[in-house]
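What follows is a short report on a single structure.
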Amino acid sequence: MPTAGGRAKKTMSDRPARAWSTAYHAAWVYPVAGEPIADGTLIIEADRIVWVGPRAARRLSASVREVELGSVLLTPGLVNAHTHLDLTVLRGLLDGERFFEWIRSVVAARDLLSPQETLDSALLGIVEGLQGGVTTYADTAPGAEGFQAMKALGVRGVAYLELFGPDPVLCEQAMEGLRARVGALRLDETPLVRLGVSPHAPYSVSDALYAAVAAYARAERLPLATHIGESDAESQLVTDGGGAFAKFLNGRGIATTMRARTPITMLEQNGVLGPNALLIHCIRCDDDDVAAIVRHDAGVVTCPYSNRYFGHGVAPVAAFVAAGVRLGVGSDSMASNRRMDLLAEACAAMPSSDARDGWRECWKLATVGGANALGLGDLIGTLEEGKQADFAAYSVPAGSTIDEALRFASSEGARAQLVVIGGSERVRDGRATADTSAIVARASAATARIREWRALARAT
Ligand SMILES: [Zn+2]
């Protein structure tokens with residue numbers, strides 16, 4: 001890597017894996033909270049940031065490990081506020097299907113994956129995310145593989161356990177299952193990886209189950225995430241009990257009727273909206289819905305590339321920003337996206353991202369925006385004294401201005417040279433510090449197997 005200030009180059013691989021106190025020097029530090037710092041320094045102790053500022057202003061100490069990062073932009077770690085890590089191996093395999101058929105194919109493909117393949121899929125998702133500088137993952141899945149994968153690779157995240165239950169008669173049964181899953185995993189939570197719950201969506205969760213999960217999450221102090229306001233078919237099901245989803249449910253003997261004025265209103269009626277709630281997508285959201293989200297202080301995550309993949313439309317991001325909604329961006333699963341590229345998602349979400357301030361807004365959305373949406377804003381999202389040491393560094397051309405650096409580091413496929421999570425280096429010199437070759441090999445074997453199954457299914 002290039003060096004700054006004419007100092008001798010010291011490769012990162014020469015350094016010890018962990019030191020008590022470390023100073024990282026970068027051509028640019030963008031703390032997100034506050035102005036960018038030219039020739040900046042970030043000092044961490046164990047898992048926390050203890051100092052951020054111009055290199056010239058730091059106090060020297062002999063006990064600090066010095067890391068010369070050179071011509072890089074150092075930023076807070078990116079926050080992927082919505083993903084399904086266990087679907088990473090399905091990338092490209094379900095293309096061309098309409099939303100309803102796509103969901104059924106995902107369910108069928110999930111059933112075909114072995115527990116090891118599902119875990120490998122989740123691990124692969126994190127490996128790819130780390131390459132882009134993603135330090136926090138809000139993962140939604142029916143199984144525990146995402147939870148295990150985040151712990152195994154040392155990243156930060158919330159594992160929202162997904163549950164389904166469109167038939168109100170089966171509500172208590174679904175709750176029993178959820179309580180058992182949470183009970184089994186809760187003792188395994190770590191300071192980095194926490195559990196949450198996720199009633200899937202209005203077409204797969206009854207009003208009774210939404211209300212029961214919301215009450216349970218409040219009592220247990222668990223974060224909650226749900227897909228909402230994503231498609232016209234979903235809106236129609238909620239507002240008049242008709243449409244494609246209604247037809248499917250009616251065919252299974254489940255009656256459908258008007259539930260609420262809008263999907264967001266339905267959540268409000270069932271007590272789901274609150275500070276612990278993360279609302280995924282929110283494309284179909286009118287002014288009254290936005291006001292309800294603000295009134296209940298719920299978080300929102302928008303997934304522009306996934307929404308485009310299905311042709312679902314565009315979330316009213318400008319209205320969210322104007323109203324002060326806690327807003328982040330997510331990649332959604334790789335079964336409806338190509339890459340976990342949070343800066344691309346943020347720039348797609350922001351209407352003025354090509355303007356000077358637009359670049360900064362994109363970085364804010366992909367960092368502190370996501371942190372706030374997940375209720376983790378006190379811990380992560382900015383580079384400030386006392387916050388967790390979660391950050392990434394991207395190579396930028398020597399002599400870049402801050403705007404050039406931000407633009408360069410957010411260009412398509414930009415890879416992080418260094419990723420630190422809770423004070424531990426997870427990417428160094430552009431490579432994962434864990435051995436990931438076996439993960440990648442096993443995951444591609446799983447992809448090949450599912451591709452074969454898809455080809456057979458199409459042929460018959
Ligand atoms: Zn999703």
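So which residues in the stretch 254-297 are touching a residue at least 60 places away in the same chain (Cβ under 8 Å) and over 22 Å from the mean Cα position of the chain (by Cα), if there are any at all? Those that are touching a residue at least 60 places away in the same chain (Cβ under 8 Å) and over 22 Å from the mean Cα position of the chain (by Cα): Ile254, Pro263, Met266, Gln269, Asn270, Gly271, Asp289. Taking (1) within 16 Å of the ligand (Cβ to nearest atom); (2) more than 28 Å from Glu452 (Cβ to Cβ); (3) hydroxyl-bearing (Ser, Thr, Tyr) in turn, Ser121 satisfies each apart from (2).
A quick yes/no check of all residues on (1) closer than 18 Å to Pro223 by Cβ; (2) away from the ligand (no atom under 16 Å from the Cβ); (3) in a loop (DSSP other than H, G, I, E, B):
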residue	(1), (2), (3)
Gly274	yes, yes, yes
Leu279	yes, no, no
Ile283	no, no, yes
Ala291	no, yes, no
Arg308	no, no, no
Gly313	no, no, yes
Phe320	no, yes, no
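Restricting the stretch 50-69 to residues that are in contact with a His (Cβ under 8 Å, 6 or more places away or on another chain) and part of a strand (DSSP E or B), the residue that is farthest from the ligand (Cβ to nearest atom) is Glu66.
Taking the stretch 230-264, which residues are polar (S, T, N, Q) and under 26 Å from Arg308 (Cβ atoms)? Ser231, Ser235, Gln236, Thr239, Thr262, listed by residue number. Against the test of being acidic (Asp, Glu), under 30 Å from Gly375 (Cα atoms) and within 16 Å of the ligand (Cβ to nearest atom), the options Asp86, Asp47 yield a single qualifying residue, Asp86. Residues considered: Arg360, Arg338, Arg326. Of these, the only one that is within 16 Å of the ligand (Cβ to nearest atom) and open to solvent by 10 Å² or more (accessible area, probe 1.4 Å) is Arg338. Quick check on the stretch 297-304. Is at least one of its residues of a type in the set (Val, Ile, Thr), away from the ligand (no atom under 13 Å from the Cβ) and more than 24 Å from Leu93 (Cα to Cα)? Among the residues of the stretch 297-304, at least one is of a type in the set (Val, Ile, Thr), away from the ligand (no atom under 13 Å from the Cβ) and more than 24 Å from Leu93 (Cα to Cα), which makes the answer yes. Restricting attention to the stretch 131-153, the residues being more than 16 Å from the ligand (Cβ to nearest atom) and open to solvent by 10 Å² or more (accessible area, probe 1.4 Å) number 7. Applying the condition of being more than 23 Å from Ala233 (Cα to Cα) and part of a helix (DSSP H, G or I) to the stretch 89-101 and asking which residue is nearest to the ligand (Cβ to nearest atom) yields Leu90.
Filtered by the rule that a residue be among the β-branched types (Val, Ile, Thr) and touching a Pro at 6+ places or on another chain (Cβ under 8 Å), the stretch 188-238 gives Val197, Val205, Val213, Thr226, Ile228, Val238. Please go through the stretch 47-68 and pick out each residue that is open to solvent by less than 30 Å² (accessible area, probe 1.4 Å) and at pLDDT 95 or above. Those that are open to solvent by less than 30 Å² (accessible area, probe 1.4 Å) and at pLDDT 95 or above: Ile49, Gly53, Val67, Glu68. Would you list the helices (runs of 4 or more DSSP H) that sit entirely within the stretch 102-186 and hold 3 or more residues that are in contact with a strand residue (DSSP E or B) (Cβ under 7 Å, 6 or more places away or on another chain) and more than 30 Å from Arg252 (Cα to Cα)? Counting at least 3 such residues, we get 115-132, 145-153. All of Arg221, Arg179 fail the test of being modelled with pLDDT of 95 or more, touching a Phe, Trp or Tyr at 6+ places or on another chain (Cβ under 8 Å), surrounded by fewer than 19 Cβ atoms within 10 Å (Cβ to Cβ) and over 24 Å from Pro316 (Cα atoms), apart from Arg179. Arg110 fulfils the conditions (1) of a type outside the set (Asp, Glu); (2) open to solvent by 10 Å² or more (accessible area, probe 1.4 Å); (3) away from the ligand (no atom under 16 Å from the Cβ) except for a single criterion, (3). Against the condition in a helix (DSSP H, G or I) and farther than 19 Å from Asn276 by Cβ, how does Ala335 come out, does it pass? Judged against the criteria, Ala335 is not a match.
The values are calculated or read from the model by the stated rules, or taken from the named source; none is laboratory data. From a predicted model like this one, the values you see are computed outputs, not experimental measurements. All Cβ positions, even for glycine, are placed from backbone atoms using ideal geometry, and neighbour counts span all protein chains on display. Protein only, heavy atoms only, side chains kept; ligands, DNA and RNA dropped before computing areas. Shrake-Rupley method; radii C 1.70, N 1.55, O 1.52, S 1.80 Å.
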